[in-house]
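To keep things clear, I will list the structure first and then write my remarks on it.
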Amino acid sequence: MRGIDVPTVREIPPFTEMSDACFEEVLQMAYLQRFPPQVQLITEGDPADFLHIVIEGTVELFGTSNGRETTMAVLRPPSTFILAAVLKDAVYLMSARTIDRARVLMIPAENVRHAMEEDPAFARAMVMELASGFRSVVKTLKEQKLRTGVERLANYLIRAHDQTGSDGQVELTEDKRTLAAVLGMTPENLSRAFATLRAYGVEVHGSTINLTKMDDLIHLAQPTPLIDHRSI
């Protein structure tokens, strides 16, 4: 890895608190590579040879079964994947591909496991990363099981609006097929959900969504911190 990239990596959790010796060791044989859009990075069922960290760009995690495919998550920097498989020395349960131009750090799985044994600070950071991932999955399951499709879309728009600090406007960062899969819907159901939300001030103009009746939308969505606040 080029020396110019080392400071960038050093600032990314979970590397910030590592000892210098373990940091140098964990990056031995690491690769920081640029990828064009739609490049498959890992394939479900393959051994987890590397821990991947998204440094720039967007990566889609997806799964397949019985001729079907669905998006599991969309990752933006800085995000690790798939840590559980790396630590268990197991196979990947999901595949991953770039959505747009991306820069991805690839660290040999064996280096990660060895660093956890040698560096308590790094081990704690890895545990926190796993805990965050687990809590994210729980929130996603709660949303899937406790909300209708319309409510899921409404809460997604509210979260996106709050995260960007926009004034009544949201710019979709995924295409609608991917968004539908993330929300556990078909593209047809997503279109119907957007149509339903017109009465609540949701106006669709391509990838730009205007939210003209935020109070009505929030009243419908009933957001809760135990699902919608990512920091909890």
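The values are calculated or read from the model by the stated rules, or taken from the named source; none is laboratory data. On a predicted model such as this, the values are computed, not experimentally measured, just so you know. Ideal geometry is used to build each Cβ from the backbone, glycine not excepted, and the neighbour counts take in all protein chains shown.
When the residues of segment 128-187 are filtered to those that are of a type in the set (Gly, Ala, Ser), over 21 Å from Leu220 (Cα atoms) and touching a residue at least 24 places away in the same chain (Cβ under 8 Å), the one that is surrounded by the fewest Cβ atoms within 10 Å (Cβ to Cβ) is Ser136.
Scanning segment 189-213 for residues that are assigned to a helix (DSSP H, G or I) and either modelled with pLDDT under 95 or touching a Leu at 6+ places or on another chain (Cβ under 6 Å) (or both) turns up Ala193, Tyr200.
Comparison of Thr58, Thr43, Thr64 shows that the only residue that is surrounded by fewer than 15 Cβ atoms within 10 Å (Cβ to Cβ), among the β-branched types (Val, Ile, Thr), modelled with pLDDT of 95 or more and in contact with an Asp or Glu (Cβ under 9 Å, 6 or more places away or on another chain) is Thr64. Across segment 195-212, the number of residues qualifying as touching a helix residue (DSSP H, G or I) at 6+ places or on another chain (Cβ under 7 Å), closer than 16 Å to Gln169 by Cβ and either surrounded by 17 or more Cβ atoms within 10 Å (Cβ to Cβ) or touching a residue at least 40 places away in the same chain (Cβ under 8 Å) (or both) comes to 5.
In segment 214-232, which residues are more than 20 Å from the chain's Cα centre (by Cα) and either outside any loop (DSSP other than H, G, I, E, B) or in the same structural domain as Glu129 (by TED's automatic domain parsing) (or both)? Correct list: Met214, Asp215, Asp216, Leu217, Ile218, His219, Leu220, Ala221.
Scan segment 74-119 for residues that are in a loop (DSSP other than H, G, I, E, B), of a type outside the set (D, E, K, R) and either buried (at least 18 other Cβ atoms within 10 Å of the Cβ) or modelled with pLDDT of 95 or more (or both) and the total you get is 6.
Would segment 150-157 turn up any residue that is assigned to a strand (DSSP E or B) and either within 26 Å of Arg101 (Cα to Cα) or not assigned by TED's automatic domain parsing to the domain that holds Leu75 (or both)? No; the residues of segment 150-157 include none that is assigned to a strand (DSSP E or B) and either within 26 Å of Arg101 (Cα to Cα) or not assigned by TED's automatic domain parsing to the domain that holds Leu75 (or both).
Take Thr70 and decide whether it is at pLDDT below 95 and among the hydroxyl-bearing types (Ser, Thr, Tyr).
yes
Note on segment 1-68: enclosed strands (runs of 3 or more DSSP E) holding 2 or more residues that are without any contact (Cβ under 8 Å) to a residue 60 or more places away in the chain are 40-42, 50-56, 59-65.
Here's the yes/no breakdown for (1) closer than 17 Å to Ile55 by Cβ; (2) within 15 Å of the chain's Cα centre (by Cα):
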{"residue": "Met72", "(1), (2)": "no, yes"}
{"residue": "Leu83", "(1), (2)": "yes, yes"}
{"residue": "Ala96", "(1), (2)": "yes, yes"}
{"residue": "Asp100", "(1), (2)": "yes, yes"}
{"residue": "Glu110", "(1), (2)": "no, no"}
{"residue": "His114", "(1), (2)": "no, no"}
{"residue": "Arg124", "(1), (2)": "no, no"}
